[in-house]
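Participant: The structure follows.
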Amino acid sequence: IILRHMIDKDHLTDIFFDLDHTLWDFEANSQATFDQLLAHYSFPFDTATFMEAYGPINHAFWKLYRENKITTEELRFVRLQKTFEAVKCPQTKQVITVLSKGYINQLSTHTHIFEGTIDLLDYLKPNYRLHIITNGFENVQQKKMANAGLAPYFEVVLTAEKAGIKKPHPDIFNQALSLAETTAKNALMIGDSFEADIEGAVALGMQAIQFNSHDEPLHNHCPIVENLAEIKQYL
């Protein structure tokens with residue numbers, strides 16, 4: 001295997017992971033949640049059609065949320081409103097509010113993780129201290145990790161809600177490094193988003209590996225893998 005990038009393991013003691021779209025399979029768990037929620041209505045579309053529209057809309061609204069252009073409430077409401085419009089089935093504010101609350105309550109009960117997640121964590125755990133930095137919400141992310149069996153692997157779990165700032169802002173990375181009692185030089189970030197995870201970490205002097213779980217453009221800033229098992233060849 002020819003590696004375009006090598007990881008310097010000499011000083012590496014701490015590995016930080018993103019959660020959604022990196023270890024916890026957001027799309028699969030969203031689909032399972034909407035399967036349950038939409039079954040209570042007689043909408044003229046199936047969950048797969050809804051999810052096809054929801055995926056990119058949710059991604060775009062998370063970007064706005066990351067950039068502090070919309071509130072938590074707007075993120076949760078408008079992404080569903082826009083999805084119903086996209087599938088040509090606009091809904092009332094009341095229906096969207098009920099579905100939005102149901103989605104948040106049920107999403108964390110589903111436990112789909114990416115293939116190779118536990119195997120990778122078992123491989124890394126003896127040699128590195130493992131942590132999470134996520135732009136998700138405190139209560140929801142903790143439940144996701146507990147229900148999916150991920151919680152025991154991680155020492156520091158820092159959410160944007162707890163940090164008061166979102167990736168890629170350097171403050172959330174600095175808080176995480178401080179909580180883990182480590183430095184950027186000794187740390188590596190693994191995440192799916194080039195903008196939030198990779199650029200944010202590399203700007204601080206951390207090393208990084210991108211798990212390209214939703215076909216982002218290729219780049220030369222760090223190794224890019226298409227599945228989690230590939231990460232072992234770098235670490």
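Participant: Taking H placed 1.01 Å from N in the peptide plane, check which residues at least 5 places from V225 or on another chain put their amide H under 5 Å from its amide H.
Facilitator: Close amide H contacts, sequence-distant or interchain: Q210, F211, N212.
Participant: Using only Cα atoms and rounding to the nearest 10 degrees, what angle (0 to 90) does helix 93-107 make with the longest principal axis of the chain?
Facilitator: 40 degrees
Participant: Under the rule of at least 5 residues apart or a separate chain, name every residue whose amide H is placed under 5 Å from the amide H of I113.
Facilitator: Answer set, sorted by chain and number: D25.
Participant: From the phi of every residue in segment 227-235, what ³J(HN,Hα) in whole Hz does the Karplus formula 6.51 cos²θ - 1.76 cosθ + 1.60 yield, where θ is phi - 60° and glycine or proline is x?
Facilitator: 9, 5, 4, 4, 4, 4, 5, 9, 10
Participant: Could you order D10, D197 so the one with the most accessible surface comes first? Probe is 1.4 Å.
Facilitator: Numbers: D10 135, D197 0 Å².
Per-residue accessible area, sorted high to low, gives D10, D197.
Participant: Quick one: angle between helix 26-38 and the longest Cα principal axis of the chain, in degrees between 0 and 90, rounded to 10, please.
Facilitator: Taking Cα atoms only, the helix is inclined about 20 degrees.
Participant: Based on the inverse mean of 1/r over its pairs of different Cα atoms, what is the Kirkwood hydrodynamic radius of segment 93-235, in Å? Write out the running numbers ahead of the final one.
Facilitator: Details: mean 1/r = 0.0617 Å⁻¹.
About 16.2 Å, per the Kirkwood formula over Cα pairs.
Participant: Here's another thing I want to ask about it. What is segment 86-235's relative contact order, in percent, from Cα pairs under 8 angstrom and six or more apart in sequence?
Facilitator: Working: 193 pairs, mean separation 28.0, N = 150.
Relative CO of segment 86-235 lands at 19 percent.
Participant: What is the distance in Å between the Cα centroid of segment 78-136 and that of segment 177-235?
Facilitator: 21 Å
Participant: For segment 93-148, what is Rg from Cα atoms divided by 2.2 N^0.38 Å, rounded to two decimals? Show your work: numbers first, answer last.
Facilitator: Numbers: Rg = 15.0 Å, N = 56, 2.2 N^0.38 = 10.2 Å.
After normalising by residue count via 2.2 N^0.38 Å, the value is 1.48.
Participant: Tell me, what ³J(HN,Hα) does each residue in segment 41-56 have, in order and in whole Hz, if you take phi through Karplus 6.51 cos²θ - 1.76 cosθ + 1.60 with θ = phi - 60° and put x for Gly and Pro?
Facilitator: 10, 9, 6, x, 8, 9, 4, 4, 5, 4, 5, 4, 7, 5, x, x
Participant: A further question follows. Work out the length of the dipole vector of the chain about its Cα centre, built from +1 on the beta-carbon of each Lys and Arg and -1 on the beta-carbon of each Asp and Glu, and round it to the nearest 20 debye.
Facilitator: Details: 20 positive and 30 negative charges, 121 e Å.
Using Cβ point charges on Lys, Arg, Asp and Glu, the chain gives about 580 debye.
Participant: Return the subset of K88/K167; K82/K232; K63/K93; K63/K143 for which the Cα-Cα distance in this structure is over 30 Å, preserving the input order.
Facilitator: Too far apart for the 30 Å limit: K88/K167; K82/K232.
Participant: Using θ = phi - 60° and the Karplus relation 6.51 cos²θ - 1.76 cosθ + 1.60, list the HN-Hα couplings for segment 143-152 in order, rounded to whole Hz, with x at every Gly or Pro.
Facilitator: Those phi angles translate into 5, 4, 5, 5, 5, 8, x, 8, 3, x Hz.
The values are calculated or read from the model by the stated rules, or taken from the named source; none is laboratory data. What you are looking at is a predicted structure, and each value in this text was computed from that prediction instead of being measured. Cβ coordinates were reconstructed from backbone atoms using ideal geometry, including for glycine residues, and neighbour counts include every protein chain displayed. Accessible surface is based on the protein model in full, side chains and every heavy atom, while ligands, DNA and RNA are left aside. Shrake-Rupley method; radii C 1.70, N 1.55, O 1.52, S 1.80 Å.
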